[in-house]
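The values are calculated or read from the model by the stated rules, or taken from the named source; none is laboratory data. No experiment lies behind these values; they were computed from the predicted model shown. Positions of Cβ are backbone-derived with ideal geometry, glycine not excepted, and every protein chain shown enters the neighbour counts. These area figures cover heavy atoms from the full protein model, side chains too; ligands, DNA and RNA do not enter into them. Shrake-Rupley method; radii C 1.70, N 1.55, O 1.52, S 1.80 Å.
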Amino acid sequence: MSINDGIDLDNRDPNTLNEYLQVEFDDVIAEPEGTYSVDCVWKGAYSIFTGTKNCCYKLLTILFAIPVALVIGCSFAILSFQHIWCLGPAIRHFRINCHIIRLYVRTCLDSCLGPCCSDMGLFFNKIRIIKGSGTDDEVV
């Protein structure tokens, strides 16, 4: 099994990561209705634009694609290592400590504020509002 077995040479953006990148001639240059150049200029501009873009892109990829891929691969390896071995355990450690703190705070609040809240609930539970048949409302 080689490293190239999972590569699709026909569809190089299967997840449409660069869908926003519109760089074809008609995506960049357009002449509105009534403002047309001579046909030979339009065709020549199309050929020059497309040829230059393709040639420069291929030259840049030949020069920089391998080093950039190496740097990006190392960057994502570091990111994965950081999340798996550093951040994940740190978050788990924090959550365990927060559980103990939550139990402590809950115990303190239940013992200090619990009786007050219970008494206030009983006090307000006795209030009744009755709407009378007349224009005046009675409050009992």
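Annotations
- Set against the 2.2 N^0.38 Å expectation for a compact globular protein, the chain has a Cα radius of gyration ratio of 2.45.
- Dmax and Rg, reported as Rg then Dmax, of the stretch 1-75 (C-alpha, Å): 17.7, 58
- Mean Cα-pair separation over length for the chain, i.e. relative contact order, pairs under 8 Å, 6 or more apart, %: 8 percent
- HN-Hα J in Hz across the stretch 49-61 - Karplus 6.51, -1.76, 1.60, θ = phi - 60°, x for Gly and Pro: 4, 5, x, 5, 4, 5, 5, 5, 5, 5, 5, 5, 5
- Legend: P(r) of the stretch 61-140 from all alpha carbon pair distances, 10 Å bins from 0, whole percents, reading 14, 15, 14, 13, 13, 11, 10, 7, 3, 0.
- Protein accessible area in the chain, 1.4 Å probe - carbon and sulfur %: 66 percent
- Applied to the stretch 95-103, the Karplus parametrisation 6.51 cos²θ - 1.76 cosθ + 1.60 on θ = phi - 60° returns per-residue 3J(HN,Hα) values of 5, 5, 5, 5, 4, 5, 5, 4, 4 Hz, with x for Gly and Pro.
- Extreme residue, positive dipole direction of the chain, given options Ile130, Phe76, Phe94 (C-beta unit charges): Phe94
- Lysines with Cα under 27 Å of Lys53, excluding same-chain neighbours fewer than 8 positions away: Lys43
- Simple spin-label estimate for His93 and Ile130 in nanometres, 7 Å along Cα-Cβ: 6.5 nm
- Backbone HN-Hα couplings from phi across the stretch 17-26 [Karplus 6.51/-1.76/1.60, Hz, Gly and Pro as x]: 6, 10, 5, 6, 7, 9, 10, 6, 3, 6
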